[in-house]
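Asks: The structure under discussion is supplied below as structure tokens; questions concerning it will follow.
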Amino acid sequence: MKIFVSGASGQLGKSFVHELNKRNIEFIAPPQEDFDITNYYKINKFITPFRPDIIINCASYNNVEEAEKNTTRAIDVNYKGVRNLVKISQLYNIKLVHFSTDYVFDGRKNSSYVETDIPNPLNLYGKSKLAGENEVMIYDNSLVFRLGWVIGYGKNNFLYKFTKWIQDEFVVKVSNDEISVPTFTFDIVKYVLMALDKKLTGLYHLTNSGKASRYELADKYAKLMGFANEIVPAPMATFKTIVKRPLVIVMSNQKISEVLGVNIPRWEESLKIYCNAIRSNPDLRF
Ligand SMILES: NC(=O)c1ccc[n+]([C@@H]2O[C@H](COP(=O)([O-])OP(=O)(O)OC[C@H]3O[C@@H](n4cnc5c(N)ncnc54)[C@H](OP(=O)(O)O)[C@@H]3O)[C@@H](O)[C@H]2O)c1
């Protein structure tokens, strides 16, 4: 089995690279300067000679605030770039694995979102990701996973940002009415590789189990890491933002759990593993 990983320097991409190395699976994972999913010529240059069995697309434009201003780039990466990957996958019958987000929903449902719920994104990021996943779903030989708050070893996650804030301020306000499911990259990788072994196709919600507000997540993380800062719960409305964000989106992981026959760990359990790892190797944070 040969795998191609795009977006390999992001937090999820790095976790795939780590696990594929560990399992001795043949793969290539070029950096973005060499491989840009918005450039079909570059895609072709890598994919045609390597001819992977699977493309795992971790490349994405994820800056939710910036996407409102930098609309073109967000759509180029999250929609047109994804369309390029669909095209090349169709050409060589490559299995395409793609990731989307809970931000395709508006957060107005009073219970957990399931895969058959109708998306209704509130912001440009969510719209561009929905357009991308729709492109992938046209192709039968594909797998799409919608993720919650992704946390991995890298800078593009809430815990990294929180760690920066508490270095500057002793008292830090964190929203307590914004709720989702913290979802750890090492768990995502594990279940995606299981899904590939089982030759699954289609759309799945993949999150850790449970749910949390940003405040609960920050508070638990600070306690596990031994930070003495004062963390103050505050409503989302007190923070400046130019983006409409859904407040509460919890996706059910029941479908993927049943198909794989697994109990996906609660986020608190995976948070402990994450904290132990960065405590023993602080470089993992970057
Ligand atoms: N982060 C979250 O909380 C979250 C929540 C829900 C879903 N997701 C989804 O999870 C997936 C993985 O996200 P992540 O957290 O690992 O994000 P990440 O850390 O931001 O990684 C994304 C990677 O994509 C690269 N990239 C951007 N534009 C590209 C392009 N045109 N061609 C090739 N590579 C490009 C980025 O490179 P540069 O760094 O050089 O730009 C970065 O290395 C994404 O599909 C995302 O939408 C994430």
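Asks: Rounded to the nearest 500, what is the chain's calculated 222 nm mean residue ellipticity when only DSSP H runs of at least 4 contribute -39500 (n - 2.57) each, over all residues?
Replies: On the way: 11 runs with 117 residues, N = 286.
Dividing the helical sum by the residues of the chain leaves -12500 deg cm²/dmol.
Asks: Provide the per-residue ³J(HN,Hα) series for segment 200-217, in order, calculated from phi with Karplus coefficients 6.51, -1.76, 1.60 and θ = phi - 60°, each as a whole number of Hz, with x at glycine and proline positions.
Replies: 6, 9, x, 10, 9, 8, 10, 9, 5, 8, x, 7, 7, 7, 4, 4, 4, 5
Asks: Provide the FRET efficiency to the nearest 0.05 for the Leu91-Lys244 pair, computing r from the beta carbons and using R0 = 30 Å.
Replies: It comes to 0.20.
Asks: Return the long-range amide H neighbours of Phe27 (sequence gap of 5 or more, or a different chain), with a cut-off of under 5 Å between placed amide H atoms.
Replies: When sequence neighbours closer than 5 places are left aside, the close amide H contacts are Ile3.
Asks: Would you please state which residues of segment 106-125 a label at Glu258 would reach in this model, taking the label point 7 Å out along Cα→Cβ and a backbone N cut-off of under 13 Å?
Replies: 114-116
Asks: So what is the orientation-averaged projected area of segment 131-189, using the convex hull of its C-alpha atoms, in nm²? All intermediate terms of the calculation are to be shown ahead of the outcome.
Replies: Details: hull surface 23.7 nm².
It is 5.9 nm².
Asks: Shifting gears a bit: Using the Karplus equation 6.51 cos²θ - 1.76 cosθ + 1.60 (θ = phi - 60°), what ³J(HN,Hα) coupling, rounded to whole Hz, does each residue of segment 50-67 give in order, writing x for Gly and Pro?
Replies: 7, 6, x, 7, 9, 10, 10, 8, 9, 6, 6, 8, 10, 7, 5, 5, 4, 4
Asks: Which ³J(HN,Hα) values in Hz, rounded to whole numbers, follow from the phi angles of segment 174-186 under the Karplus curve 6.51 cos²θ - 1.76 cosθ + 1.60, where θ = phi - 60° and Gly and Pro get x?
Replies: Going residue by residue, I get 9, 5, 10, 10, 9, 10, 8, 10, x, 9, 8, 4, 5 Hz, with x marking Gly and Pro.
Asks: Among Thr38, Thr201, Thr72, determine the one that fluctuates most according to a GNM of the chain built with springs between C-alpha atoms less than 10 Å apart.
Replies: Thr72
Asks: Can you list residues whose amide H is under 5 Å from Phe184's amide H, if they're 5+ apart or on another chain and H is modeled 1.01 Å from N?
Replies: Ile151, Asn208
Asks: Here is a further query. Taking the Cα centre of each part, how many Å lie between segment 3-23 and segment 137-199?
Replies: Cα centroid of segment 3-23 versus Cα centroid of segment 137-199: 15 Å apart.
Asks: Find, among the chymotrypsin sites (Phe, Trp or Tyr not before Pro) in segment 136-208, those assigned to loop by DSSP (not H, G, I, E, B) with at most 14 other beta-carbon atoms within 10 angstrom.
Replies: On the way: sites: Tyr139, Phe145, Trp149, Tyr153, Phe158, Tyr160, Phe162, Trp165, Phe170, Phe184, Phe186, Tyr191, Tyr204; in loops: Tyr139, Tyr153, Phe170.
The qualifying sites are Phe170.
Asks: Considering the chain as a Gaussian network with a 10 Å cut-off on Cα pairs, which listed residue, Leu91, Leu124, Leu217, attains the greatest mean-square fluctuation?
Replies: Leu91
Asks: Which far-off residues, 5 or more places away or on another chain, put their amide H under 5 Å from the one on Gly202, with H placed in the peptide plane?
Replies: Excluding prolines and chain starts, which carry no amide H, the hits are Ser142, Leu143, Val144.
Asks: Cross-link list Lys95/Lys272; Lys161/Lys211; Lys155/Lys190: which exceed 23 angstrom alpha carbon to alpha carbon? Write out the running numbers ahead of the final one.
Replies: Details: Lys95/Lys272 33 Å; Lys161/Lys211 20 Å; Lys155/Lys190 21 Å.
Lys95/Lys272, as the Cα separations exceed 23 Å there.
Asks: Using only Cα atoms and rounding to the nearest 10 degrees, what angle (0 to 90) does helix 158-168 make with the longest principal axis of the chain?
Replies: Rounded to the nearest ten degrees, it is 40.
Asks: Just Thr101, Thr241, Thr207 to compare: in a GNM of the chain, with alpha carbon springs under 10 Å, which one fluctuates most?
Replies: Ranking Thr101, Thr241, Thr207 by mean-square fluctuation puts Thr241 first.
Asks: Give a quick list of trypsin sites (Lys or Arg not before Pro) in segment 1-71 that DSSP marks as loop, anything other than H, G, I, E or B, with at most 12 other Cβ atoms within 10 Å. Present the calculation step by step, with values, prior to reporting the outcome.
Replies: Working: sites: Lys2, Lys14, Lys22, Arg23, Lys42, Lys45, Lys69; in loops: Arg23.
Answer by residue number: Arg23.
Asks: Here is a further query. How large is Rg over Rh for the chain, taking Rg from the Cα atoms and Rh as the Kirkwood inverse mean of 1/r across Cα pairs?
Replies: Working: Rg = 18.4 Å, Rh = 19.4 Å.
My calculation puts Rg/Rh at 0.95.
Read-outs: derived from the displayed coordinates by stated rules, not from any lab. Keep in mind that what you see is a predicted model, and the values were worked out from it rather than measured. Quick reminder, even Gly has a Cβ in these numbers, built from the backbone with ideal geometry, and neighbours come from all protein chains shown.
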